[in-house]
Each structure stands twice: as structure tokens, then as C-alpha cells.
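K.L.:
Got a structure here, written out as C-alpha cells. Questions coming.
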Amino acid sequence: MPLDKQVTTVFLTYVTLGGYLKDRKNIEEAFTSNKVDDIQRALDTLLQNLITEAKAIDAIKGFSLETAKTRIMESHDECVRERMGIEAAQAAEDILQAASAAAQIALVAVSWTVFGAIGLGITALAAEVAAEGAAEGVKALENTITQSIGDMGLKAYNDPALANIKVFHDSSDQVSVNIAKLEVAGNKAVIRQSLLGLAKISGTVEELKKNLIHFYEVSERPDDIIGKYELLAELILKGDGGPAAQKIILDLKESGLAPIIIKTVILSVMATGLGLTFQVRKFTTEITRLENLGVLTLEDTAEVADLALKSERMVKCVKGLAVLGAALETAFLGWKIYEQRKLIDYINAQIEDRKNKLIEYYTNFHEAVTPPTVDNAILGNYECHLYDQGGKNDWHYVTISKANDTTLNWANRAGVSWTLTVTSDKTKLNVGQECPYYDFNDGKSKTQYRQATVVWTGSQVSGIIGPWNELYDKSAT
């Protein structure tokens with residue numbers, strides 16, 4: 001989906017939900033009368049679960065990835081044993097019959113919900129989202145390999161050691177179910193992440209309601225405020241905090257909108273995970289420099305960078321759920337068309353595929369909620385050898401030390417130092433703004449040194465790229 005369509009999807013969702021909140025008549029006009037109360041309940045539940053989900057992410061400081069993998073492997077082994085029983089009993093025709101019933105339900109349930117993907121199973125979903133009468137077909141799934149593969153994530157989901165993730169999955173599933181009930185169309189990952197980002201910025205259900213209503217109200221204004229928001233969002237995601245973005249912010253302020261509202265727009269868009277972290281940093285740095293804009297402080301900039309980093313990872317998980325759901329859906333449908341003699345091979349492939357995708361999902365989730373920390377392999381002395389034949393000075397001898405769990409300190413013999421902050425990419429370190437080369441221009445030459453590149457040789461660091469793209473080799477001692 002192109003960037004402009006992603007941005008439009010985000011704001012259209014905000015405006016739509018804000019319209020429902022602003023006036024119940026909007027719900028009555030959009031939905032048939034017998035559904036209005038259900039839609040109202042779905043909306044209230046959606047908002048509450050968005051807040052719960054956002055807080056749950058912050059509460060998960062890390063978790064045992066090994067525990068999750070162990071539980072997934074236990075489920076995997078159970079599936080294999082069950083498949084062997086099927087093979088021995090030669091019950092392929094029964095499995096095909098069960099798969100046919102499963103396919104009808106999977107198409108409705110799995111495509112939107114987390115549990116269908118992670119493994120709470122189709123049975124738990126049928127009463128909520130399956131088409132009328134489809135729940136009866138669930139009975140045919142009991143004790144079948146179809147259900148076992150669908151439930152392969154259950155052991156990890158229900159493990160007490162992973163209880164904090166269960167809170168996240170519970171709320172996340174309800175968010176997905178109620179988005180489906182509200183018939184909000186568009187890119188599912190974009191919608192999920194944008195609403196989660198707005199919930200994180202809002203902090204409470206009431207504040208979330210106010211922000212959504214605000215988007216609805218400004219969409220009705222003749223001066224096209226929502227259009228300016230969209231233009232600003234596109235610039236944010238391109239990392240362009242230059243004159244065009246600054247003019248939009250000034251125009252919005254002159255329109256009577258408080259900086260806090262503009263800040264909410266900026267932060268909520270940053271939290272969608274649509275933009276890369278370095279682009280977000282570039283935008284916020286340029287905006288912060290212009291104090292007369294009065295929108296982002298240095299503290300806000302740090303918050304934006306943190307949001308962008310977490311969201312960039314979390315969106316991988318949201319997309320990972322979509323992949324898991326689509327794969328499960330395809331598996332059910334595929335069983336209908338396979339010849340009996342090939343079915344066992346197909347079952348084997350689906351068991352392995354399900355296991356691998358679950359492990360990949362939980363690995364991504366681990367990265368998303370576990371902040372990167374300093375790797376001690378980076379610590380030590382470095383020297384730039386480009387000037388060994390002449391021109392070498394104290395700036396070319398550097399010591400990199402650990403400041404805290406996420407920050408390093410670059411210090412040269414000339415007494416000049418700056419910070420380096422770890423990122424999710426172990427080859428990239430963000431350079432602190434106090435670095436004299438962060439935005440250097442002496443009238444003769446200029447450079448922007450915003451990221452340092454770490455050169456790895458296996459598990460060891462052999463060098464680091466410093467200012468002017470010059471290599472500093474790590475010393476042996």
C-alpha cells in the first residue's frame with residue numbers, strides 16, 4: 001500500500017470512529033437498526049481493549065523466548081503423534097470431512113483475529129465471529145488433526161510463565177474482533193497499529209474518545225484541517241521536518257489548534273510503525289530546532305524515538321499474525337483439494353509450517369518488547385589509520401566505553417566526546433546531537449553524522465565508521 005493510502009487509511013479510521021462517538025445517529029445511519037446496540041457495545045469494548053493492549057505492551061519488559069519455543073515444540077510433537085495415529089488408522093476421509101467444515105469457519109474467523117492465528121482455536125471464536133450456523137460445524141473439528149494444528153500455540157499461550165503476554169493477546173484479540181464488527185475496512189495491520197498508537201498517546205478511554213472526536217470535528221471544518229494533518233503525516237513518515245512541515249504546524253496553530261493536539265497527531269502517527277526509526281528521528285530533530293513552533297520538546301523527541309522503535313517492531317508482530325492466520329486459512333482450504341494419498345505429506349508440511357511461523361512470531365515479539373542493550377564486544381580502543389602517512393592527531397585515537405545499558409560513550413584523546421545509543425540493528429548506533437559532526441557546516445565543508453556503523457566479523461567487532469565515513473579499526477589491546 002503506497003504511503004499516501006496508508007496515511008489516508010489511518011485518518012479515515014480515526015474520523016469514522018470519532019463520528020460514531022460524537023453522535024449515535026451516525027451509527028444508526030451506517031448500520032441497520034438491529035445492529036446498532038451491538039455496534040455501540042463493540043465500540044466501547046474496542047476503546048477499552050486498545051488502552052489495555054497499549055498498557056500491556058509497556059508492562060512486558062521481556063519474556064522467556066525459550067519457554068515459548070519449548071511449549072510450541074511440545075504442541076508440535078503432539079501433532080506429529082496424532083498424525084502418526086491417523087496414518088496408522090488410515091482415516092484420511094474423516095479428516096477431509098472435518099477440514100471441509102473447518103474451511104468455512106476459518107475464512108471468517110482467522111482472517112481478523114489473533115487467537116485464530118496464535119492458537120486459542122476456532123472453537124473459541126465461532127460463537128463470536130463465525131457466520132450464522134457455522135458454529136455447528138465446529139463439532140466436527142473436535143479431536144482432529146485440523147484442530148490440533150490450529151491450536152499448536154495453546155501451550156505457549158496458557159503457560160503461567162507467559163501470563164503477561166496472555167493479557168496482551170486477550171486484549172489484542174478483542175480489538176481485532178470488534179474492528180471486524182465495526183466493519184472498518186482497509187489495511188488491517190495499518191488500522192491495528194494506528195489505533196494502538198493513538199491509545200498509547202491517550203492513556204485513558206476518555207482521552208482516547210476526546211482525540212477520536214477531535215479528528216471527526218476537524219474533518220468537518222471548511223479549512224481542511226484533516227487534509228493538513230494528512231500532509232503532515234506523510235512528511236513525518238518521509239522524515240522531512242523541513243519548511244513544508246514547519247509551515248503546516250504554524251498554519252494549524254494559527255487555526256486555533258493547541259500544540260498539544262498537533263503533538264498528539266505527530267506522536268500517534270509515529271506510533272503506527274509505518275515509518276522507520278531513523279526517519280522519525282530526522283523529522284523530530286528538525287522540528288525541535290525551531291523553538292517558535294512550540295510542539296516538540298527534547299523530552300518529546302526522546303518519547304517519539306522510543307515509540308517509533310517499539311512500533312516498528314510491534315508492526316512486525318501484527319503482520320506476523322496476519323501471516324499466521326492466512327497460512328492456517330490456506331491449510332484448511334488446501335485439505336479439501338488434496339488427493340487422499342498425498343494428504344499425509346500435506347499434513348506433515350502444515351505441522352512444520354505452523355511450528356516455524358509460531359516460533360518466528362514469538363521471536364519477533366521478544367525483539368519488540370525487549371529493548372536492545374549494549375554489546376560489550378563494542379567496548380575498547382579504536383584508531384583511524386587513514387592518516388598514518390601524515391595528518392594524524394588526537395582525534396584519531398578513540399575509546400568507546402559503556403555509559404549505561406543502552407548508551408555508549410565515544411571519547412577521543414583530544415577530550416571531545418559524544419554518546420552512541422544502541423538500536424534494534426546491531427550494526428547501527430545513533431549519534432548524540434552533542435557530536436560536533438552531527439550537523440557540521442563551517443562554510444567550506446559540511447557533513448551530517450547521525451549514525452555510526454559497527455563492523456562485525458562474526459561475534460567480534462573489527463571496527464566502527466566514524467565522522468566523514470572514516471573507518472576506526474579496533475585495537476587488539
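The values are calculated or read from the model by the stated rules, or taken from the named source; none is laboratory data. All of these numbers come straight from a predicted model, not from anything done at the bench. Here the Cβ positions follow ideal geometry from the backbone for every residue, glycine too, while neighbour counts run over all protein chains shown. Calculation scope for accessible area: heavy atoms of the full protein, side chains included, ligands and nucleic acids excluded. Shrake-Rupley method; radii C 1.70, N 1.55, O 1.52, S 1.80 Å.
K.L.:
Being part of a helix (DSSP H, G or I), open to solvent by 20 Å² or more (accessible area, probe 1.4 Å) and free of Cβ contacts under 8 Å to residues at least 60 places away in the same chain is the filter here, so list the residues in the stretch 266-293 that pass it.
P.N.:
279, 286, 288, 289, 291, 292
K.L.:
Next question, about the same structure. Could you list, in sequence order, all residues of the stretch 25-44 that are β-branched (Val, Ile, Thr), over 11 Å from residue 182 (Cβ atoms) and in a helix (DSSP H, G or I)?
P.N.:
The one that is β-branched (Val, Ile, Thr), over 11 Å from residue 182 (Cβ atoms) and in a helix (DSSP H, G or I): 36.
K.L.:
So, in the stretch 356-375, of the ones that are open to solvent by 40 Å² or more (accessible area, probe 1.4 Å) and not β-branched (Val, Ile, Thr), which residue ends up modelled with the lowest pLDDT?
P.N.:
371
K.L.:
With a cut-off of at least 2 residues that are in contact (Cβ under 8 Å) with a residue 24 or more places away in the chain and open to solvent by less than 50 Å² (accessible area, probe 1.4 Å), name the strands (runs of 3 or more DSSP E) lying wholly within the stretch 382-477.
P.N.:
Fully inside the stretch 382-477 and qualifying: 397-402, 407-412, 417-422, 428-431, 451-457, 460-465.
K.L.:
Please find, among 102, 88, the residue that is modelled with pLDDT under 75, open to solvent by 30 Å² or more (accessible area, probe 1.4 Å) and part of a helix (DSSP H, G or I).
P.N.:
88
K.L.:
Quick check: is even one residue across the stretch 161-172 in a helix (DSSP H, G or I), under 28 Å from residue 369 (Cα atoms) and of a type in the set (Phe, Trp, Tyr)?
P.N.:
yes
K.L.:
Give, as residue ranges, the helices (runs of 4 or more DSSP H) completely inside the stretch 184-265 that count at least 3 residues that are closer than 29 Å to residue 45 by Cα, open to solvent by 10 Å² or more (accessible area, probe 1.4 Å) and of a type in the set (A, V, I, L, M).
P.N.:
By residue number, 188-202.
K.L.:
Between a residue in the stretch 228-239 that is within 15 Å of residue 194 (Cβ to Cβ) and any residue that is open to solvent by less than 40 Å² (accessible area, probe 1.4 Å) and of a type in the set (Gly, Ala, Ser), which pairs come within a Cβ distance under 7 Å, given they are 6 or more apart or on different chains?
P.N.:
The qualifying pairs are 232/245; 236/275; 237/275.
K.L.:
Does any residue of the stretch 172-190 turn out to be at pLDDT 80 or above and within 22 Å of the chain's Cα centre (by Cα)?
P.N.:
No, the stretch 172-190 contains no residue that is at pLDDT 80 or above and within 22 Å of the chain's Cα centre (by Cα).
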